[in-house]
Amino acid sequence: MRRWSHVLLCLLVTILGMASSCRSQPAHPHIVMIVADDLGWNDIGFNNPNIISPNLDALAREGIILNQSYVQPLCSPSRAALMTGYYPFRLGLQHLVITQEQAVCVPDNKTLLPQVLKKQGYATHIIGKWHLGFCKWECTPTFRGFDSFFGYYNAMEDHYTKMYGQGYDFRDNQEVYKAANGTYSSYLYTERIKQVINSHDPQTPLFLYLPFQNVHEPLEVPENFSNLYPNIKDVNRRTFSGMVTALDAAVGQVVKALKDRGLYDDTLIVFTADNGGWVPYGGNNLPLRGGKFTVFEGGTRAVAFVHGPMFYKTGIRYDGMFHMVDWFPTLAEVSGSTYTDPDADGVSQWKSLLSLSLPSARQEVVYNLDFSIDPFQGRAAIRVGDYKLVAGFPGLFPDWYQPGQVARPILERWNDVTADGTINWHLVNETLFKVALNDPPIYYYLFNLKDDPAERTNIYDDHPDIVQQLEDRLNYHKQHYIPPNFPPGSPAANPAHYGGAWTPGWC
């Protein structure tokens, strides 16, 4: 177990005037923030021994597993929460995701996390998926606090060709990077990550934001990874599991590069999924209910951990409540920043993580508020203490699924509306969610998550007093609600206007 022994040694030799060997230490820890895309609760080795993820397992078990760390049910909302410290329903980003043709991005009046870290002297780099809007350059990473960007703008793309629908989507800073075509994404990211680490000045604190593409669809992975799972008969699940192991191998290379550069012993590593596993495409969330798209725990309770030399107690599962919005103020405090935003929703959890004897700084989570666009997506959900209230359509795939199990009729309809390789979310709204009419969902739930973390027993009718208390809290949050900013797509975004690449500049 690593300690701050080197820091204490440096302090001692500094006092004695012998600090030459210690001058490379940064004033504040380096921060590596890893976000896995669509990784489910049951999709990681430390929750499921059938998954091969030795590097992530080691980091988690030598760190602190965050057992009740919450995110949003989908990609863009979670990333917006991370970058701003605001719940997406306060940004207008709570409805589905930002699409490739929408003139939408994270509001430019919000300060993003890398902007705060840059003021603390951090070098800031993003390698991987952005998905926070790109219709104008001012929306894109290097205009929002990052020194460099190597990755793609949209929700998804082919892991090899970097095509999304009819457009190419890969950038090196602002330039289209055609050389990415043909290389598996996790390999590509790993090489760039190693370049950034190897060229970094150890005296400068480093913020590496690594939103990996794995394990998001399309399900693609080199065979040497999927071949590690010969006993899995379902093709989707076997490929998906290989993608987890490919992600793990990439993380192993990141850790090795940090060690080789002498940065590892001064680095805080944060790992989280952005939402639950997507059931039709190999993801699994057992024993939790539901998955991506749902406000049940399987869609919103994320695989997460922290790892670093500053934690005196490790190898445990911390049950304090956490939410994606908390990473902004928590990492700001790690950086030494005094930046505060009294209107934001995030709270710093740093003291709780350091001591683990303190309770979580959070006792409430708003899963989502989304009322105005589609009756099959409208919902509100909140947790206060042990109790959780759901009011409205909970989302697609709302049950408990064995690995590889899917609901075929919904999957077929999904394939119909995504036939060109992109996702037309307005068409999804009009067609896919109407599947729910054939099996009308329950719209009101109350769960005691302490006694029933798998959400199998709906106690809504038994506790009207608790329902009322949670509804009162929802009504409080409705005062800060901003309707979804979810306009139709613009033909001006067509990649044909920009040499075949998805490109900013049309809004």
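The values are calculated or read from the model by the stated rules, or taken from the named source; none is laboratory data. Quick caveat: nothing in here was measured; it's all calculated off a predicted structure. Reconstructed Cβ throughout: ideal geometry from the backbone, glycine too, with neighbour counts over all protein chains shown. Ligands, DNA and RNA are stripped out before the accessible areas are found, and what is left, the full protein with its side chains, is counted by its heavy atoms. Shrake-Rupley method; radii C 1.70, N 1.55, O 1.52, S 1.80 Å.
Each Lys and Arg adds +1 at its Cβ and each Asp and Glu adds -1 at its Cβ; summed about the Cα centre, the chain shows a dipole of about 1120 debye.
Which translational diffusion coefficient, to the nearest whole µm²/s, is obtained for the chain from the Stokes-Einstein equation, given a Kirkwood hydrodynamic radius over C-alpha pairs, 25 °C and 0.890 mPa s?
106
Solvent-accessible area assigned to carbon and sulfur over segment 282-355 amounts to 54 percent, based on a 1.4 Å probe. Helices in the chain, meaning DSSP H runs of at least 4 residues, each add -39500 (n - 2.57). Divided by all residues, the mean residue ellipticity at 222 nm is -7500 deg cm²/dmol.
Taking a straight line from the alpha carbon of residue 110, these lysines sit under 22 Å away, with near neighbours fewer than eight places off in the same chain left out: 118, 119, 129, 136, 478. Counting only protein chain heavy atoms and rolling a 1.4 Å probe, the accessible areas of 507, 105, 139 rank, largest first, as 507, 105, 139. Put +1 on the Cβ of every Lys and Arg and -1 on every Asp and Glu Cβ in the chain; which of 182, 395, 492 then has its Cα farthest towards the positive end of the dipole? Farthest towards the positive end: 182. For segment 297-320, the residues whose backbone nitrogen is under 17 Å from a point 7 Å from the Cα of residue 234, taken along Cα to Cβ, are 298-299. Antiparallel beta bridges, as assigned by DSSP with both residues in the chain, represent about 55 percent of the total such bridges.
Order 344-353, 252-261, 162-171 from most to least packed using the mean count of other Cβ atoms within 10 Å.
162-171, 344-353, 252-261
Using a simple spin-label model with pseudo-atoms 7 Å out from Cα toward Cβ, residue 462 and residue 108 lie 5.3 nm apart. Dipole size of segment 44-118 about its Cα centre, with +1 on Lys/Arg Cβ and -1 on Asp/Glu Cβ: approximately 200 debye, rounded to the nearest 20. On segment 76-192, 45 percent of the accessible area sits on carbon and sulfur atoms, based on a 1.4 Å probe. Decide, for segment 24-80, between rounded, prolate and oblate: order the square roots of the alpha carbon gyration tensor eigenvalues as a ≥ b ≥ c, take rounded if a/c falls under 1.5, and otherwise choose prolate if a/b is larger than b/c, else oblate. Oblate is the answer for segment 24-80, as a/c is 1.5 or above yet b/c matches or exceeds a/b.
In this Cβ point-charge picture (+1 for Lys and Arg, -1 for Asp and Glu), segment 107-241 has a dipole of about 260 debye about its Cα centre.
Remark: relative contact order (the chain) = 24 percent; criterion is Cα-Cα distance under 8 angstrom and separation of 6 or more residues. Projecting the Cα atoms of 71, 151, 470 onto the dipole axis of the chain, where Lys and Arg carry +1 and Asp and Glu carry -1 at the beta carbon, places 151 farthest toward the positive end. In terms of its alpha-carbon gyration tensor, segment 131-267 comes out oblate; a/c meets the 1.5 threshold, while b/c is at least as large as a/b. Calculated FRET efficiency, residue 340 and residue 191, Cβ-Cβ r, R0 30 Å, to nearest 0.05? So the FRET efficiency works out to roughly 0.20. In this structure segment 29-68 gives 25 Å² per residue of accessible area when probed at 1.4 Å with all protein chains present. Normalised per residue, the accessible area of segment 116-176 is 29 Å², obtained with a 1.4 Å probe and no contribution from ligands, DNA or RNA.
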